[in-house]
1. Identify, from the list G94, G83, the residue that is more than 21 Å from T170 (Cβ to Cβ), assigned by TED's automatic domain parsing to the domain that holds A135 and in a helix (DSSP H, G or I).
2. Could you please find all residues in the range 48-81 being under 30 Å from W123 (Cα atoms) and modelled with pLDDT under 85?
3. Under 7 Å between Cβ atoms, at least 6 apart or on separate chains: pull out the pairs that start in the range 88-112 with a residue that is in contact (Cβ under 8 Å) with a residue 12 or more places away in the chain and end on any residue that is among the charged types (D, E, K, R).
4. In this structure, does T188 turn out to be assigned to a helix (DSSP H, G or I) and not assigned by TED's automatic domain parsing to the domain that holds A270?
5. Within the range 1-44, which residues are surrounded by 17 or more Cβ atoms within 10 Å (Cβ to Cβ) and hydroxyl-bearing (S, T, Y)?
6. Take the residues in the range 160-184 that are among the hydroxyl-bearing types (S, T, Y) and buried (at least 21 other Cβ atoms within 10 Å of the Cβ), then tell me which one is nearest to L76 (Cα to Cα).
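The values are calculated or read from the model by the stated rules, or taken from the named source; none is laboratory data. Keep in mind that this is a model prediction, so the values were computed, not measured. Cβ coordinates were reconstructed from backbone atoms using ideal geometry, including for glycine residues, and neighbour counts include every protein chain displayed.
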Amino acid sequence: MDQAVLPAAVAIVVGLALAVVAFAPFVALAYRRYRRLTWRYVLAWLGFLIYFMAIWAYTLLFFPDPDRLHCVRPQLRPFYSIGDVFNYPHSSVGQLLHNPVVDQLALNVALFIPLGVFVRLLWNGGLVASTLAGAGLSLFVETTQLTGVWGLYRCAYRVFDVDDIMTNTTGALLGALLALVLPRGWLTPAAQPPGVPAPVTLGRRLIAMVCDGLSVWLIGGVGAAAATMLTPWLGEADPARWATSAAFGAPFAIQTACVLISGRTLGDLATVLRWEPMRPAWLWRRLARLLGGIGGFQLLGLITGPWSLLWYLFALVAVLAAVVSRRSRGLPGLLGRQELADARE
């Protein structure tokens, strides 16, 4: 893959992976502070994660072989790049557009324009905050290059350039200026007073289901990895069997304990939802809530062969039931004879 494309691919893959890992905590914070989650807000944070990883990928990726390291000296003269422009053809607009120094300066500015936009729209920062954020991030990147990735290499293999800090900072300032055309609350919802309930919507219920599914996948992955590392210490000859058991057992045990103790799954807790009534016969209601939701989904995942299609059918029915049922209570509410409500009511 071309070295100009590979960093972008790495940024997208790693950014999406981080978004998956952080989705449930992100949802929990949003519903507690803003009482809702909008697509614009989600996509903006996803874009920020990918952008931040792109900064890392384009500035620090492609680590050299330490045995073939070529040390470079820092460039500490401000505006040195301006004079370097005249070392290449520059007598016309076309020549300037193909001038490598001009291209590098423009790229440094463009790379930090999104940072100024994100600082203003996601954190409601002003021009000063956006400029300082650009200067701070650029200084960190350049210092990482100057120190050979903080001592990982014996010397700097990429040039520390004060002009890069200046152009990056300019880009962040320009991004903040561009973001002035949008009101501050356009992207980030206004913070709400604590304890104020929010409507129970289909979108909120589906987000809770997504959080439940992701939590099962993530906890199962961590459990499988831990079991694989621990099996040599336990003297087991079949680590795959233990990993498979942990991949199912760890998330199932956590979700079951969560439902039996609180009456809510991890997804319900993230989206600040609860089920009513809790009594009488609260135990059977909670078991029905578990088996009609993420618990049944996990158990059907154990089935192999042609009957494994039940797993997909259950997922489809669960979504459809949430769409058509009253207040989006879905299968858990139908089986447990419960209604969904905001936990702050």
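1. Details: G83 fails: more than 21 Å from T170 (Cβ to Cβ).
Just a single option satisfies the conditions, and that option is G94.
2. Kept after step one, since they are under 30 Å from W123 (Cα atoms), are these residues of the range 48-81: 48-61.
Y58, T59, L60, L61 - these are the residues of the range 48-81 that are under 30 Å from W123 (Cα atoms) and modelled with pLDDT under 85.
3. Between residues of the range 88-112 that are in contact (Cβ under 8 Å) with a residue 12 or more places away in the chain and residues that are among the charged types (D, E, K, R), the close pairs are V101/D84; N108/D164.
4. On the way: assigned to a helix (DSSP H, G or I): no; not assigned by TED's automatic domain parsing to the domain that holds A270: yes.
In short, no.
5. Y31, Y41
6. Going residue by residue through the range 160-184, those that are among the hydroxyl-bearing types (S, T, Y) are 167, 169-170.
Okay, now just the ones that are also buried (at least 21 other Cβ atoms within 10 Å of the Cβ), so 167, 169.
Values: T167: 14, T169: 16 Å.
Looking at residues that are among the hydroxyl-bearing types (S, T, Y) and buried (at least 21 other Cβ atoms within 10 Å of the Cβ), I get T167.
Here's the yes/no breakdown for (1) in contact with a helix residue (DSSP H, G or I) (Cβ under 8 Å, 6 or more places away or on another chain); (2) within 25 Å of T38 (Cα to Cα); (3) crowded, with 16+ Cβ neighbours inside 10 Å; (4) not β-branched (V, I, T):
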residue	(1), (2), (3), (4)
C258	yes, no, yes, yes
R264	yes, yes, yes, yes
L269	yes, yes, yes, yes
G295	yes, no, yes, yes
L300	yes, no, yes, yes
W307	no, no, no, yes
L310	yes, no, no, yes
V323	yes, yes, no, no
L335	yes, no, yes, yes
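A quick yes/no check of all residues on (1) closer than 30 Å to F118 by Cβ; (2) part of a helix (DSSP H, G or I):
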residue: A172; (1), (2): yes, yes
residue: A179; (1), (2): yes, yes
residue: P193; (1), (2): yes, no
residue: G203; (1), (2): yes, yes
residue: M209; (1), (2): yes, yes
residue: A224; (1), (2): no, yes
residue: A227; (1), (2): no, yes
residue: T231; (1), (2): no, yes
residue: T244; (1), (2): no, yes
